[in-house]
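See below for the structure under consideration.
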Amino acid sequence: MSANVEYRKQTRTAVIAGLGAYVPDRAVKNDEVAERLGVTTDWIRDRTGIEQRFVLEPDGATSDLAVEAGRRALESCGNPDVDFLVLATCTPDHPFPATAPAVAARLGLRGIAAFDLNAACSGFVYALSVSAGLLATGTYRTGLVIGADAISTILDESDKITSPIFGDGAGAVVVRAGGHDEQGSVTAQLMGSDGDLLDIMKTPAGGSRQRSIGVPTDNDHSYFTMAGRSVYKHAIARMTGAATAVLDEMGWSVDDVDWLVAHQANRRILTATAEAIGIPAEKAVINVDKVANTSAASIPLAFVDAVTAGTFTPGDKVLLAAFGGGATWAAAALTWPELSLTEPAD
């Protein structure tokens with residue numbers, strides 16, 4: 001075990017105490033997407049491993065997803081007093097202000113610290129790491145971490161690269177200050193970025209750079225774009241590197257890992273990442289077939305599916321890994337706690 005872990009064992013960290021998730025009611029099957037794109041359902045399934053995705057109704061927003069997931073997480077652990085809320089999202093309700101304060105207010109958490117964090121698909125692991133730092137200070141005792149995205153709102157439905165892959169959803173965990181030796185503790189984290197990869201995933205319009213030009217932007221620039229082959233290559237490399245670094249930090253071998261929960265980008269990326277790390281495919285939690293790629297919501301949604309299926313056992317060693325736009329990447333190690341759920345994710 002490294003000196004850093006020995007030091008951390010003397011400090012506080014985030015301990016997961018509650019869990020909840022939510023997806024919209026509307027399920028969009030592959031046949032609907034295939035008809036729209038002029039492809040077959042096999043074409044979608046073979047490239048992505050996805051069978052369906054859930055999509056907001058026209059009057060919905062990211063905050064609606066976040067509020068419901070947050071409510072379920074709070075109820076799952078008895079509605080504790082919360083000192084802060086971190087909302088990981090790349091699809092806020094508005095460019096300004098942040099969405100987190102509105103989510104906190106709707107949950108009855110007025111007056112607490114609340115802020116957005118945008119690390120795209122890495123957002124939940126980033127937010128979990130930030131919450132561990134906040135709790136380690138001793139200033140805060142309990143927090144609510146939510147990953148929520150409504151990617152359907154920025155998709156070009158005629159784009160064969162992005163349209164089949166993404167869905168909407170939210171997942172949340174309640175975290176409290178605790179020791180590194182407790183079940184549920186987040187015992188190591190790593191975050192990274194490379195802004196030179198900015199263009200591999202991007203929504204060009206809507207920010208200060210586009211607005212400062214002073215020229216109306218083509219509507220197509222408001223849609224999310226992705227360079228699929230580059231994302232595939234960098235996602236596997238960066239998640240593998242981050243996960244391996246966290247394993248080294250913890251002194252864990254790949255045999256010590258009970259479960260890998262990686263960002264649910266698509267099945268090919270998930271299985272290739274597990275193989276590159278050296279973790280058997282059967283130890284990789286995969287639910288992308290059920291909910292598609294939900295960006296910052298994907299890891300907590302996978303948590304809920306694993307708990308519902310009885311996959312996780314308290315004390316299991318769980319390795320997290322994610323890659324997203326920015327480019328960003330992150331990994332974390334935790335031991336799974338004893339948790340109950342109030343309602344299923346779907």
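The values are calculated or read from the model by the stated rules, or taken from the named source; none is laboratory data. Owing to the predicted nature of the structure, the values given are computational and were not obtained by experimental measurement. No Cβ is skipped: glycine too gets one built from the backbone with ideal geometry, and neighbour counts run over all protein chains shown. Remember, those area values only see protein heavy atoms, side chains included, never the ligands or the DNA or RNA. Shrake-Rupley method; radii C 1.70, N 1.55, O 1.52, S 1.80 Å.
Summary of values
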read-out: Residue among Ala17, Ala102, Ala98, Ala120 that is within 27 Å of Trp329 (Cβ to Cβ), open to solvent by 10 Å² or more (accessible area, probe 1.4 Å) and free of Cβ contacts under 8 Å to residues at least 40 places away in the same chain; value: Ala98
read-out: Criterion: open to solvent by less than 10 Å² (accessible area, probe 1.4 Å), modelled with pLDDT of 95 or more and either part of a helix (DSSP H, G or I) or within 23 Å of Val145 (Cα to Cα) (or both) - qualifying residue of Ala296, Ala276, Ala265, Ala272; value: Ala296
read-out: Top-ranked residue in segment 204-230 [being in contact (Cβ under 8 Å) with a residue 40 or more places away in the chain and either in a helix (DSSP H, G or I) or open to solvent by less than 50 Å² (accessible area, probe 1.4 Å) (or both); ranked as farthest from Leu320 (Cα to Cα)]; value: Asp220
read-out: Output for segment 166-203, where each listed residue is open to solvent by less than 30 Å² (accessible area, probe 1.4 Å), closer than 24 Å to Asn287 by Cα and of a type outside the set (A, V, I, L, M, F, W, C); value: Gly167, Asp168, Gly169, Gly171, Gly184, Ser185
read-out: When residues of segment 41-97 are limited to those that are in contact with a Leu (Cβ under 9 Å, 6 or more places away or on another chain) and β-branched (Val, Ile, Thr), the one nearest to Glu338 (Cα to Cα); value: Val82
read-out: Single unsatisfied condition, His221 versus (1) touching a helix residue (DSSP H, G or I) at 6+ places or on another chain (Cβ under 9 Å); (2) under 30 Å from Ile16 (Cα atoms); value: (2)
read-out: Selected residue [modelled with pLDDT of 95 or more, farther than 23 Å from Ser185 by Cα and not in a strand (DSSP E or B)] from Gly133, Gly111; value: Gly111
read-out: Lone qualifier among Val130, Val125 - being open to solvent by 10 Å² or more (accessible area, probe 1.4 Å), β-branched (Val, Ile, Thr) and closer than 17 Å to Leu334 by Cβ; value: Val130
read-out: Selected residue [buried (at least 22 other Cβ atoms within 10 Å of the Cβ), of a type in the set (A, V, I, L, M, F, W, C), in contact (Cβ under 8 Å) with a residue 40 or more places away in the chain and assigned to a helix (DSSP H, G or I)] from Leu260, Leu301, Leu320, Leu334; value: Leu301
read-out: Boolean, Ile161 is surrounded by fewer than 21 Cβ atoms within 10 Å (Cβ to Cβ) and touching a helix residue (DSSP H, G or I) at 6+ places or on another chain (Cβ under 6 Å); value: yes
read-out: Any chance Pro92 is modelled with pLDDT under 95, part of a loop (DSSP other than H, G, I, E, B) and within 30 Å of Arg267 (Cα to Cα); value: no
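Each row is one residue, and each column tells you yes or no for (1) surrounded by fewer than 17 Cβ atoms within 10 Å (Cβ to Cβ); (2) of a type in the set (D, E, K, R); (3) free of Cβ contacts under 8 Å to residues at least 40 places away in the same chain.
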position	(1), (2), (3)
Thr13	no, no, no
Glu32	yes, yes, yes
Gly38	yes, no, yes
Trp43	yes, no, yes
Gly60	no, no, no
Asp64	no, yes, yes
Glu68	no, yes, no
